[in-house]
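This report concerns only the one structure given below.
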Amino acid sequence: MDRLDFAIKLARRVGFYLLQHWGNALNVKEKSSFQDIVSDCDKHAQQMILSEIERHFPKEAVLAEEDHFETGQKLWIVDPIDGTMNFVHGLPSFAVGIAYSEGGNILLGVVHDPVLNETFYAVRNGGAYKNGERISVSEKTTLKESIGNVGFYVGFTGHFINAIEKHVRRMRMVGSAVLAASYVACGRFDFFVAKRANPWDVAPVLLIVPEAGGCVSDLQGRPANLSSGEYLFSNGKVHSSVLKIIEKVAKT
Ligand code: IPD
Ligand code: CA
Ligand code: CA
Ligand code: CA
């Protein structure tokens with residue numbers, strides 16, 4: 001079975017399920033703290049994905065956010081809802097993320113936003129796509145013409161916005177890491193900064209952004225991998241300008 005076709009159809013099926021509960025999530029609870037919530041929809045969506053992978057690829061391992069932490073040479077990496085806070089509050093900007101890796105190399109990434117019905121995807125060396133159309137990063141070369149996104153990270157976001165606000169056209173916080181990075185891939189954003197990200201928050205976009213001609217590094221500018229934990233995604237052209245600002249923030 002073609003893995004890309006499988007992952008796209010599965011992400012869209014799960015997205016359809018999520019739309020039925022959007023803004024009306026089942027059994028919402030605090031997870032690690034009052035700032036971190038989970039619902040039975042996260043768990044059910046994850047179960048839909050796990051059972052299909054088990055049916056079609058029974059020998060392969062799955063690392064998924066809601067307490068399913070396998071390892072393996074052939075590994076699927078799954079975030080059933082990226083942007084649970086938006087999903088629970090009836091806000092747009094949440095997505096299903098599915099990636100497939102071999103030996104730590106991501107070979108396929110799919111991000112599906114059910115609200116806008118947009119599916120972003122890439123296979124290694126095959127370019128990046130949105131709903132069948134090739135996508136690429138923006139051509140912006142300066143921060144003053146750039147629009148960027150940063151996640152909500154206590155102790156970082158405020159300092160970062162303070163440092164960058166005078167240099168950029170606008171900042172945004174969409175609330176889903178995979179969507180923010182997919183928006184870099186298709187040129188809507190010029191950069192996106194993520195701190196404290198888990199592998200499932202970034203796995204598909206670690207492939208989609210470079211396949212769209214963009215750049216991803218850690219916040220020191222080193223090559224990024226699944227366990228870097230913090231990331232700068234950009235169109236490549238404004239990468240070093242954003243890194244300089246992050247460096248200044250780190251020194252304060
Ligand atoms: C979260 C979202 C959010 C980011 C958090 C993630 P979740 O994922 O991607 O944008 O700021 O760090 O944990 O919990 O909604 O899957
Ligand atoms: Ca979560
Ligand atoms: Ca996530
Ligand atoms: Ca999640």
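Throughout, read-outs are computed from the coordinates displayed, never taken from laboratory work. Keep in mind that this is a model prediction, so the values were computed, not measured. Note that we place each Cβ from the backbone using ideal geometry, even for glycine, and neighbour counts take in every protein chain shown.
Got the relative contact order for the stretch 1-99 handy, in percent, Cα pairs under 8 Å and 6 or more residues apart?
Numbers: 140 pairs, mean separation 26.4, N = 99.
27 percent.
For the chain, the percent of C-alpha pairs falling in each 5 Å distance bin, counted from 0 to the bin holding the largest distance, reads 1, 7, 15, 19, 19, 17, 12, 7, 2, 1, 0.
Straight Cα distances below 17 angstrom link K74 to the lysines K59, with same-chain residues fewer than 8 positions distant left out. Backbone phi angles across the stretch 194-206, fed through the Karplus curve with coefficients 6.51, -1.76 and 1.60 (θ = phi - 60°), yield HN-Hα couplings of 10, 10, 6, 9, 8, x, 6, 6, 9, 3, x, 7, 5 Hz in residue order; Gly and Pro are listed as x. The protection proxy used here, the mean number of other Cβ atoms lying within 10 Å of each residue, ranks peptides 152-164, 44-56, 117-129, 21-33 as follows, highest first: 117-129, 44-56, 152-164, 21-33. List the aspartates and glutamates whose Cα lies under 19 Å from the Cα of K9, skipping any in the same chain that are fewer than 8 positions away. Filter leaves D42, E52, E54, E60, D79, D82, D113, E118, E133.
The share of C-alpha pairs in the stretch 3-134 whose separation exceeds 22 Å stands at 35 percent. Couplings for the stretch 125-141, taken from phi via the Karplus curve 6.51 cos²θ - 1.76 cosθ + 1.60 with θ = phi - 60°, read 6, x, x, 10, 9, 10, 6, x, 9, 4, 10, 8, 5, 6, 9, 4, 10 Hz in order; Gly and Pro are left as x.
In whole angstrom, the stretch 143-251 maps to an equivalent ellipsoid with semi-axes of 18, 15, 13, each derived as √(5λ) from the alpha carbon gyration tensor and ordered largest first. The separation of the stretch 97-126 from the stretch 1-75, counted between C-alpha centres, amounts to 14 Å. Loop-located trypsin sites (Lys or Arg not before Pro) in the stretch 182-252 (DSSP state other than H, G, I, E, B) with a sparse environment of at most 14 neighbouring Cβ atoms within 10 Å: R196.
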